[in-house]
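The values are calculated or read from the model by the stated rules, or taken from the named source; none is laboratory data. Since the model is a prediction, treat every value here as computed from it, not as a measurement. Here the Cβ positions follow ideal geometry from the backbone for every residue, glycine too, while neighbour counts run over all protein chains shown. Remember, those area values only see protein heavy atoms, side chains included, never the ligands or the DNA or RNA. Shrake-Rupley method; radii C 1.70, N 1.55, O 1.52, S 1.80 Å.
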Amino acid sequence: MNLKKLSLLLIQSCLLFMVCTASSEPVHASEKRNAPMRIVVSVNDLSQMTTVKEALINSLVDYNAYPELVDNINYEASELKTASLDLTQTGKQRTAIYLRIKTNKALSENTLYKNTITTTVDFEVKDLQAPVITSEVNTLRRSINSELDPYQHLSVTDNFDKEVQIQYETDIDLQTAGEYTITYTATDKAENSSVLSMPIIVAPQRYTHYEKDQNYANEMLNLINEYRASYGLEPYRMAPYNAQMAAGVRACEARSYLSHERPDGRHYKTAFNEYGVQYSSPYEILTFAGTTAADGLAWWKQSSSHNAYILSKTSTVISIGYCDGLWAAIIYND
């Protein structure tokens, strides 16, 4: 491809475009343009300067006068320096530029050719990038008759604006179980916008009551402590009654919604808060495996992350709950 045609690169680029305000005829490397070139670039984006460098070279070099440059310019090795360009601020900036052109091989003798270009460029720095919307979860979950906090897991960042407007639309009915949709739109001051849609599941009312069976909890505790002893670790202490009740509620909740997030979208630690448990550094583990405490522990042992919690050298207390085949344990320090 004739490199002269590459001057269209900036127009096609999503990052920037170029408008030549001087004559469309190229000049050879030792000359300056009579009128500055105009280049629009995106604020806070240093990566685009490589594209700027290539476009400036292709626009300023006279390939007709110097055909030996065709297919021979080393764009990566060529240097671009600007006197005062500041990409952290929007607006128009006129600045002198210096290009030092590198070639892939030695050129034939040409006494007129010089490998440096100096000229003046009018840069216009604009905010051309849309905000980025991210969510900690892929699905929002709420229970019937709960409240919706649409921004609970959401964050928005922008390449330039510190504050970004974000709105949402949803068809959710918190009185009816089912799957709904919520759509967020984030717009910055330059009116760049992005959209994120995700499902919302409204689940049946979460458990608020749990009938504790101490025999199940004690059986699991004994098995876990025997396993810890085989590694020379101190036994876990059984958590007090209120913490066991909280773990039981979590077991019942996880039985219908197997997640460390509660059916209404809150963190599992809020079960401890509701029962007034004093705790630090909690870890919740869940399993549906088998029909006995031994089956449940066997599943935890074969999972590297769950096994690490069971064999923790820093945690001291365990709260154990069981609900219709689902084991829940919260390991923590009091």
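Miscellaneous remarks
- Residue check for residue 80: in a strand (DSSP E or B), modelled with pLDDT of 85 or more and closer than 14 Å to residue 49 by Cα: yes
- Given (1) touching a residue at least 24 places away in the same chain (Cβ under 8 Å); (2) assigned to a loop (DSSP other than H, G, I, E, B); (3) within 17 Å of the chain's Cα centre (by Cα), index of the condition residue 174 fails: (3)
- With respect to (1) modelled with pLDDT of 85 or more; (2) among the β-branched types (Val, Ile, Thr); (3) surrounded by fewer than 17 Cβ atoms within 10 Å (Cβ to Cβ); (4) under 19 Å from residue 266 (Cα atoms), the lone exception for residue 185 is condition (4).
- Filter result (among the acidic types (Asp, Glu) and out of contact with any strand residue (DSSP E or B) (no Cβ under 9 Å at 6 or more places or on another chain)) within segment 229-258: 234
- Where a residue in segment 73-90 is in contact (Cβ under 8 Å) with a residue 60 or more places away in the chain and its partner, wherever it lies, is outside any loop (DSSP other than H, G, I, E, B) and not hydrophobic (A, V, I, L, M, F, W, C), with Cβ under 8 Å and at least six apart: 73/103; 90/126
- Residue within segment 96-103 that is at pLDDT below 90, outside any helix (DSSP H, G or I), more than 30 Å from residue 182 (Cα to Cα) and of a type in the set (S, T, N, Q) present: yes
- Hey, residue 10 buried (at least 17 other Cβ atoms within 10 Å of the Cβ), among the aliphatic types (A, V, I, L, M), modelled with pLDDT of 50 or more and outside any strand (DSSP E or B) or not: no
- Among the candidates 251, 190, 271, residue that is touching a Lys or Arg at 6+ places or on another chain (Cβ under 8 Å), in a helix (DSSP H, G or I) and in contact (Cβ under 8 Å) with a residue 24 or more places away in the chain: 271
- Conditions (1) within 23 Å of residue 196 (Cβ to Cβ); (2) hydroxyl-bearing (Ser, Thr, Tyr); (3) touching a Phe, Trp or Tyr at 6+ places or on another chain (Cβ under 9 Å); (4) open to solvent by 60 Å² or more (accessible area, probe 1.4 Å): number failed by residue 135: (4)
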